[in-house]
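Reviewing the structure listed below.
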Amino acid sequence: MKPPPLDSNFPFPRTNLGFSPKWIIMVPIGILAIVGLFSSYYTVSPESEAVVQRFGQFKEIAPPGLHFKLPYGIDSATIVPVRRQLKLEFGFNTDFATNPDQASQDPELERDMVTGDLNAAQVEWILQYSISSPRDYLFKVRDPGSTLRDLTEAVMCEVIGDRTVDEVLTIGRTEIETESLVRLKVLLEKLNMGVTAEQIQLKNVHPPAPVQRSFDEVNKAQQEREQLINEANGQYNQVIPRAKGLADQRISGAEGFAVQRINEAEGDVARFKELLVQYDKAPAITKQRLYLETMNEVLPKLGSKIIIDEDAKQFLPLMNLK
């Protein structure tokens, strides 16, 4: 093998690299071109909007669809799901959550609360919210997800602390949900976070494990009491209206009978007065007419009649015995 030729101007032998030196420049340029191509566009889903920043400064809000931007990190696009209802879970965690802020870091610590009468209760609840302004959501607060979780937990602790343990465990659930939602909305409006709280829903509310059995017995007794009260009210509503209806019926019948008797008495009085007028005019004729009218009413009720002469000694010869 012959050694490489020597150059008079270059005293060392030249080495054969096996490729052209221009590839040393072309390969990085190609890599930069590929990176620039893939970083020059982005896609926004139908339920989201993109907050576009140029050198970290807000530039615009991009609607759903395919969009282009300056590559190499000059422009950046943050996708925000503004048309999707999000939720935060407190006191428990659900597997396969799509919202990165949904799961609780310490559910047991969030679950334990103290009521207004200094009793302990374990409360699990859900906050459902939506992002109304993606710009405010990203720039008004440094960590909006954690801030929203802390605000919600503080509001719930305040509302629970104003009520007794009986209200928290039984009859006060709806009122707690409503009042905590109102207070949270007021705080979000003051902070201008770009978040709208839509619903707070209590899930499992129960006393601590050491006293769970005692509370269950109390709840069972209260349920039995409510059941007996409802049964008594049902019987009351069944018997009392019937008695009132019967009483009204008898009162109406008595009033009708009284009106009837009064009308009959007034009619008898009027008829007697007319007879008295006729009697004063002709007493004998009136007596005879009254006698005949009375007999006309009485005789048809006697059935068969036999009329004989008052001077007859016996009435057998007059009877038809055939």
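The values are calculated or read from the model by the stated rules, or taken from the named source; none is laboratory data. Note that the structure is a prediction, hence the values are computed from the model and not measured. Here the Cβ is made from the backbone with ideal geometry for all residues, glycine too, and neighbour counts use every protein chain on show.
Scanning the range 245-257 for any residue that is of a type in the set (Val, Ile, Thr) and at pLDDT below 90 turns up nothing.
Here Val168 passes the criteria (1) within 22 Å of Ser146 (Cα to Cα); (2) within 23 Å of the chain's Cα centre (by Cα); (3) crowded, with 17+ Cβ neighbours inside 10 Å except the one numbered (1). Could we say that Ile240 is of a type outside the set (Asp, Glu), closer than 30 Å to Asp166 by Cβ, outside the structural domain of Leu169 (by TED's automatic domain parsing) and without any contact (Cβ under 8 Å) to a residue 60 or more places away in the chain here? No.
Condition test on Val82, is it closer than 30 Å to Trp125 by Cα and hydrophobic (A, V, I, L, M, F, W, C)?
Numbers: closer than 30 Å to Trp125 by Cα: yes; hydrophobic (A, V, I, L, M, F, W, C): yes.
The answer is yes for Val82.
Do we have any residue at all in the range 33-41 that's in contact with a Pro (Cβ under 9 Å, 6 or more places away or on another chain), of a type in the set (Val, Ile, Thr) and more than 18 Å from Arg135 (Cα to Cα)? Yes, the range 33-41 has at least one match. What about Ala247, is it over 60 Å from the mean Cα position of the chain (by Cα) and either surrounded by 10 or more Cβ atoms within 10 Å (Cβ to Cβ) or not aromatic (Phe, Trp, Tyr) (or both)? In short, no.
Of the residues making up the range 85-135, those that are over 29 Å from Arg163 (Cα atoms), modelled with pLDDT under 90 and not acidic (Asp, Glu) are Phe96, Ala97, Thr98, Asn99, Pro100. Listed here are the strands (runs of 3 or more DSSP E) enclosed by the range 25-97 that have at least 1 residues being of a type in the set (S, T, N, Q), surrounded by 16 or more Cβ atoms within 10 Å (Cβ to Cβ) and in contact (Cβ under 8 Å) with a residue 40 or more places away in the chain, and there are none. Checked against (1) farther than 22 Å from Thr196 by Cβ; (2) assigned to a strand (DSSP E or B); (3) not assigned by TED's automatic domain parsing to the domain that holds Thr147, Met113 meets all criteria but (3).
Taking the listed residues Asn263, Asn233, the one that is surrounded by 10 or more Cβ atoms within 10 Å (Cβ to Cβ) and closer than 30 Å to Thr164 by Cβ is Asn233, with no other qualifying. Looking across the range 139-163 at every residue that is over 27 Å from the mean Cα position of the chain (by Cα) and of a type in the set (S, T, N, Q), the one that is surrounded by the fewest Cβ atoms within 10 Å (Cβ to Cβ) is identified as Ser146.
Output the residues belonging to the range 56-104 that are hydroxyl-bearing (Ser, Thr, Tyr) and within 41 Å of the chain's Cα centre (by Cα). Lay out the reasoning, then the answer.
Going residue by residue through the range 56-104, those that are hydroxyl-bearing (Ser, Thr, Tyr) are 72, 76, 78, 94, 98, 104.
Result: Thr78, Thr94, Thr98, Ser104.
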